[in-house]
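A short write-up of the structure that comes next.
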Amino acid sequence: MLIVGGGMTGVSLLRELAARDIDALLLERRHLAAGASGRNAGFLLEGTAANYAAAVRQHGRAVAREVWAFTAENHARLAEALAGAAGHRRLGAYTLAASAEEELELEAAASLMQEDGFPAEYRAGRLLNPRDGELDPAAAVDALAQGGQVIEGCEVTSLGAGGVETSRGDLQAATVVLATNAYTPQLLAAAPIRPVRAQMLATAPAGELLVDRPTYSDWGYRYWRQLADGRLLLGGFRNLAPEEEVGYVEEPSDRIQNHLERHLQAMGVEAPVTHRWAGIMGFTPDSLPLVGPVPGRSGLFVCGGYTGHGLGFAFNAARRLVGLLLDGQEPPSWMAAARLAWRTPG
Ligand SMILES: Cc1cc2nc3c(=O)[nH]c(=O)nc-3n(C[C@H](O)[C@H](O)[C@H](O)COP(=O)(O)OP(=O)(O)OC[C@H]3O[C@@H](n4cnc5c(N)ncnc54)[C@H](O)[C@@H]3O)c2cc1C
């Protein structure tokens, strides 16, 4: 079996297949975690980017409940696999209201979560999800890849029947899984995934505790957390330049970085900025992942489209795809790849 892409999804597939004694090879065009998996904020959250009340409105209560339960299971299984490695800590996370409207929404979200059996505490514009956590995402990718067969620096250039063409020659395989998330349309133009850029910065160690948990705010458009050594990671603000924050350019822009710096000032952070970067997320039209066979393409499967929340979904999504491939167990219909229209390239 061939896996294309060496991020969180690819290595989760590799690990799950190894646990089932299936021979698999992962091809990565750059190096492990070169994509979004090595560039993200390391928030390990339950649910989608939207809060629970918004998810109930968008998907219906039954699906929202299933999605949250799926991501809770993802966290539990990933934590077990990491066994304390990669800086994983289940220390809870905040969602902080940035407006009166968001305050009302978070209060409603907390009530709905409690009714549906998900722990949530709301107080004065701040929702605490005590089960959320954080990790070092690149270290997590490395840990999950241990013992698996990986070829780095090998780009898949086209997908054929029964195999792939790569920058290092052709490879035959009855089953090929695209773990290429945002980059999937570069190989398969019909994929209903849109590349969306996200930007971050990191400061030098601040001499004080600025925030005690990963914090999400402004409907998920701003996020920050402080590392154990005092460095602050801050990201977001793409909603302030939505027309620019699309496509495959993995470079930060002055416009968004200026917004991030102003946020640092508003937080009273004096430590200098040491790093700035950008990565590409894969968005789907309904914000839910795509897991399963690619319609009309025998032997070709996809696992991705996490709409900015891949750490919350990928490990369990990979497990469900392997369940489909080996046991014929269908993943939940809300993540089935065939639920969305795959465009015919014009
Ligand atoms: C700045 C930023 C912050 C984020 N913060 C969070 C967060 O805090 N929490 C969270 O849950 N999510 C977050 N995300 C989203 C999260 O990073 C992604 O959802 C997740 O990493 C997706 O993992 P993946 O393995 O599916 O894709 P990727 O990590 O993007 O991996 C895809 C891989 O495929 C490779 N590839 C592509 N095309 C080919 C080809 N033709 N041949 C071979 N290899 C190929 C790429 O090089 C890449 O390594 C953030 C994303 C960004 C950019």
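Computed from the coordinates by the stated procedures, all read-outs in this text should not be read as laboratory data. For clarity, every value in this text was computed on a predicted model and none was experimentally measured. A quick note on method: Cβ atoms are made from the backbone with ideal geometry, for glycine too, and the neighbour counts reach across all protein chains shown.
Quick rundown of the values:
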quantity: Peptides ranked, highest mean first, by Cβ atoms within 10 Å: ranges 221-230, 237-246; calculated: 221-230, 237-246
quantity: Residues of region 266-289 with amide N under 16 Å of a point placed 7 Å along Cα→Cβ from ARG126; calculated: 267-268
quantity: Folded to 0 to 90 degrees: helix 100-115 orientation relative to the chain principal axis, Cα; calculated: 60 degrees
quantity: Hydrodynamic radius by Kirkwood, which averages 1/r over all alpha carbon pairs of region 160-230, in angstrom; calculated: 16.6 Å
quantity: Rounded to the nearest 20 debye, dipole of the chain from Cβ charges on Lys, Arg, Asp, Glu; calculated: 320 debye
quantity: Förster-model FRET efficiency, 25 Å R0, ALA202 and GLN114, C-beta, rounded to 0.05; calculated: 0.10
quantity: Label-point separation, GLU66 to TYR248 (7 Å along Cα→Cβ), nm; calculated: 3.3 nm
quantity: Gain in span if fully extended, ALA18 to ARG255, counting 0.36 nm per residue against the direct Cα distance; calculated: 80.9 nm
quantity: Phi to ³J(HN,Hα) by Karplus 6.51 cos²θ - 1.76 cosθ + 1.60 over region 149-164, Hz, x for Gly, Pro; calculated: 8, 10, 10, 8, x, 10, 9, 7, 9, 7, 10, x, 6, x, x, 9
quantity: For region 124-133, Karplus couplings with θ = phi - 60° (6.51, -1.76, 1.60), whole Hz, Gly/Pro x; calculated: 6, x, 9, 9, 9, 9, x, 8, 6, x
quantity: For region 110-211: relative contact order, % (alpha-carbon pairs under 8 angstrom, 6 or more apart); calculated: 10 percent
quantity: Rg(Cα) / (2.2 N^0.38 Å) computed for the chain, rounded to two decimals; calculated: 0.96
quantity: Share, in percent, of DSSP beta bridges within the chain that are antiparallel, nearest 5; calculated: 70 percent
quantity: Theoretical ellipticity at 222 nm over the chain - DSSP helices of four or more residues, -39500 (n - 2.57) apiece, nearest 500; calculated: -9500 deg cm²/dmol
quantity: Inter-label distance, nm, simple model (7 Å from Cα along the C-beta direction), GLU80/ARG339; calculated: 2.5 nm
quantity: Sites ALA161 and ARG231, calculated FRET efficiency, Cβ-Cβ separation with R0 30 Å, nearest 0.05; calculated: 0.05
quantity: Percent breakdown of C-alpha pair distances by 10 Å bin, ordered from the shortest bin, for region 276-346; calculated: 20, 51, 24, 5, 0
quantity: Ordering of 203-211, 44-52, 276-284, 176-184 by burial proxy (mean other Cβ atoms within 10 Å per residue, highest first); calculated: 176-184, 44-52, 276-284, 203-211
quantity: Extension gain (nm, one decimal) between LEU240 and ARG262, 0.36 nm per residue minus Cα-Cα; calculated: 6.6 nm
